[in-house]
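The structure appears below as structure tokens.
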Amino acid sequence: EQDRVAIHEAMEQQTISIAKAGITTTLNSRTSVLAAANPVHGRYHEDKNAAEQVDFQTTILSRFDMIFVLKDKHDAEFDGKLAKHIINLHVQGGAAVEREVSEDELDVRTLKRYIAFARKTCSPRLSTEAAERLNNYYVEVRKGLASADAESEKQGKAPRAVPITVRQLEALVRISESHAKMRLDPVATADDVKQAIELFTASTLQAAKLGEITLEGGGVSEGLAELRQRIEGMVAIGQMRGKSEIISQAVAWGFSERDAENAIRSLVGAEQFEESRQGRRLKRVA
């Protein structure tokens, strides 16, 4: 709670209050804020709304220009590359792993000098065309999310975790201007706005829409309920079955592996099944 209050003050008032050794003062905070947080349940559950997994006030979330949801998905190829990289670090005694350097790559010193020069000399402003495009996009997004929220409320789902407000419009303006500043252009064009919208769509807007899953063979709730019932039917109370066996059977029924994992997590969360310590076997308890 104390950390939450501190970051809220920094992003709302642009100040940091300090009280130590009998000295109380307020300092200005003019810097970018990069924050990270883990899901309240320890891991991200695909079958739950994002609002149920993020223990953040909407007043704080709405102040971030971009919000990314990073999931630890099982990918054999990526896992192999990551493991190889970590092992190489230990094999080489912590030395940097050699990699190919592209011809247009800047060294750190040059990059720092370029950023400092851009900050000092360039202050882009939106063109008329870019401003009109941002205005139209914001109105469309708000309209679409309003319809989605109304539908979710009818179905009794949790409220949206990431609100889309005027702050997000200001974020789009900042991203567009920053994109123009990267090339030292005094005017942010419609192309800059297009890049900003793509970033915003892949980050904050995607995070705002998380929480709904669609299973093959039915709608959101109907598909999940059907798969849960089938899994319950194949495992008697007190019986144990391999998790991979259940997933294989779900695939044979026409569902995807992700759908099966979502249904299993839902059953475990409802305390109808218990997972073994290794997570490889499931026991039905209710």
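Structure notes:
- Failed criterion for I115 (all others in (1) hydrophobic (A, V, I, L, M, F, W, C); (2) modelled with pLDDT of 85 or more; (3) within 30 Å of A263 (Cα to Cα) hold): (3)
- Evaluation of E177 against the conditions (1) modelled with pLDDT under 90; (2) surrounded by 15 or more Cβ atoms within 10 Å (Cβ to Cβ) shows that the sole unmet condition is (1).
- Residue in the stretch 202-220 that is modelled with pLDDT of 85 or more, open to solvent by 20 Å² or more (accessible area, probe 1.4 Å) and under 24 Å from the mean Cα position of the chain (by Cα) present: yes
- Residue check for V251: open to solvent by 50 Å² or more (accessible area, probe 1.4 Å), at pLDDT 80 or above and under 19 Å from L134 (Cβ atoms): no
- Screening the candidates A35, A50 for the property of being touching a helix residue (DSSP H, G or I) at 6+ places or on another chain (Cβ under 8 Å), of a type outside the set (D, E) and modelled with pLDDT under 75 yields one hit, A50.
The values are calculated or read from the model by the stated rules, or taken from the named source; none is laboratory data. Keep in mind it's a predicted model, so treat the numbers as computed, not measured. With ideal geometry, Cβ positions are generated from the backbone for all residues, glycine too; neighbour counts draw on all protein chains shown. Keep in mind that these areas ignore ligands, DNA and RNA; they rest on the heavy atoms of the full protein, side chains included. Shrake-Rupley method; radii C 1.70, N 1.55, O 1.52, S 1.80 Å.
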